[in-house]
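Participant: Take a look at the following structure, please.
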Amino acid sequence: MFSIANNIWFDIALLCALFGIGNILMGHFEEGPPKWRKVLKLFVATAILVVLWTLFGRLVVWSFFGLLFLVVLYIHLIWLPKQGIHGWTGEPKDKYYELRGWNKK
């Protein structure tokens with residue numbers, strides 16, 4: 001019997017939806033890297049999901065992505081402000097660009 005609760009395709013769709021929403025809402029902060037890196041990031045994340053899901057199951061997959069989310073929260077709430085950069089707006093832009101190694105626009 002088909003069950004969404006135990007279907008890898010639901011997890012892949014959810015991951016892709018999160019990437020899409022993230023790129024729409026936060027893509028303006030990623031002006032420096034080339035577009036192919038965003039595409040590669042999606043493929044790598046999907047491959048990690050599939051491998052972890054196949055070897056260990058859903059709980060390990062979402063625990064792993066939850067851990068990555070905690071790392072992102074740490075970077076934006078603690079580390080970036082310590083560098084003098086607002087964790088939500090990325091301002092001042094010149095400091096943010098310098099930290100990322102991008103040319104100023």
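No lab work stands behind these numbers, since they all come straight from the coordinates. If you're wondering where the values come from, they're calculated on a predicted model, not measured in any experiment. Cβ placement follows ideal geometry from the backbone for every residue including glycine, while neighbour counts extend to all protein chains displayed.
Participant: Which residues, counting only those in the range 5-38, are over 28 Å from D94 (Cβ atoms), free of Cβ contacts under 8 Å to residues at least 40 places away in the same chain and in a helix (DSSP H, G or I)?
Facilitator: Passing the criteria: A5, W9, F10, I12, A13, L14, C16, A17, L18, F19, G20, I21.
Participant: Same structure, new question: Got a sec? Which of W62, W53 is under 30 Å from N7 (Cβ atoms), assigned to a helix (DSSP H, G or I) and more than 17 Å from the chain's Cα centre (by Cα)?
Facilitator: W53
Participant: May I ask you to list the residues in the range 77-94 that are charged (D, E, K, R) and over 13 Å from F29 (Cα atoms)?
Facilitator: Residue satisfying the conditions is K82 alone.
Participant: Report yes if K41 is within 27 Å of W102 (Cβ to Cβ), free of Cβ contacts under 8 Å to residues at least 24 places away in the same chain, of a type outside the set (D, E) and surrounded by 11 or more Cβ atoms within 10 Å (Cβ to Cβ), otherwise no.
Facilitator: Against the criterion (within 27 Å of W102 (Cβ to Cβ), free of Cβ contacts under 8 Å to residues at least 24 places away in the same chain, of a type outside the set (D, E) and surrounded by 11 or more Cβ atoms within 10 Å (Cβ to Cβ)), K41 qualifies.
Participant: I'm checking my understanding of the structure. Among residues of the range 78-89 that are touching a Lys or Arg at 6+ places or on another chain (Cβ under 9 Å) and not polar (S, T, N, Q), which one is surrounded by the fewest Cβ atoms within 10 Å (Cβ to Cβ)?
Facilitator: G84
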